[in-house]
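The structure appears right after this line, and notes come after that.
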Amino acid sequence: MIESLLPIALFAFSASITPGPNNLMIMSSGLNHGIYSSTPHLLGIWLGFPAMVVAIGLGLGTAFNHFPFLHEVIRWAGIAYLLYLAWIIGSTREMGSGNSSQPLSFTQAMAFQWINPKGWIMATGTLAAFTSPGTEIWSGVVKVALAFITIGGPCVAIWLFFGVGLKRFLTEPRYLRSFNIAMGLLLAASVIPLALEGLTPFGAAT
């Protein structure tokens with residue numbers, strides 16, 4: 001039992017602790033809005049991604065296999081939304097104010113998982129690696145979802161606390177502006193591989 005859970009746990013940890021759209025956004029939210037205001041955003045990620053894993057395990061992934069264009073629609077919608085969020089973060093000038101007047105709500109953070117291209121890659125990749133067709137698929141789906149609840153959630157929380165901890169070092173407005181611009185640029189840069197992957201089939205055909 002432990003031997004079968006360990007690879008899933010390691011994957012959940014490595015996928016959740018590394019930089020990505022969710023972690024960059026929650027860190028910026030922690031810095032600009034604090035823990036209390038950012039808690040709904042954190043919980044939306046914490047529960048939203050495992051819920052997405054379960055939904056895909058229920059059969060939504062099959063629908064995307066039959067209609068590949070839906071996956072591309074989600075990819076480009078997610079890229080557009082991430083670029084919009086990168087602009088919002090980069091243009092924030094003061095803690096708790098500026099263009100990012102409110103952190104993401106619980107519902108918004110849960111919905112974001114469905115248009116987060118990295119989230120789709122993580123979810124489909126994990127299910128493909130750690131589940132098998134047939135009667136045992138439910139067991140695998142539950143294991144993956146529980147791994148991201150118990151391990152992935154705390155990893156995202158670390159990024160929130162890190163953002164809050166940066167407040168003491170970014171008390172001057174110019175430092176805060178520089179940090180937000182850097183976070184906005186990093187978030188924008190995170191979509192480049194996803195965009196290139198989406199363009200590859202078109203480039204290969206020419």
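Put a dot 7 Å past the Cα of Glu172, heading toward its Cβ, do the same for Thr150, and the two dots end up 4.7 nm apart. Counting 0.36 nm for each residue step from Ser91 to Ile17 and taking away their Cα separation leaves a gain of 24.1 nm.
As a calculated quantity, the FRET efficiency between Ile181 and Val73 at R0 = 35 Å, using C-beta atoms, amounts to about 0.70. Residue order for Tyr81, Tyr36, Tyr175, fewest other beta carbons within 10 angstrom first, comes to Tyr36, Tyr175, Tyr81.
Full-extension gain between Tyr36 and Ala129, please, as 0.36 nm times their residue separation minus the C-alpha to C-alpha distance. Walk me through the numbers before you get to the answer.
Values: separation 93, 0.36 × 93 = 33.48 nm, distance 3.63 nm.
Fully extending the segment from Tyr36 to Ala129 adds 29.8 nm.
Of the residues Leu82, Leu186, the one with the fewest other Cβ atoms within 10 Å heads the list, and the complete ranking is Leu186, Leu82. Going from the fewest other Cβ atoms within 10 Å to the most, the residues Phe162, Phe169 appear in the order Phe169, Phe162.
Read the figures in this text as sums done on the coordinates, not as results from a lab. Quick caveat, the model's predicted, so the values are computed rather than measured. Cβ: placed from backbone, ideal geometry, glycine included. Neighbour counts: every protein chain shown.
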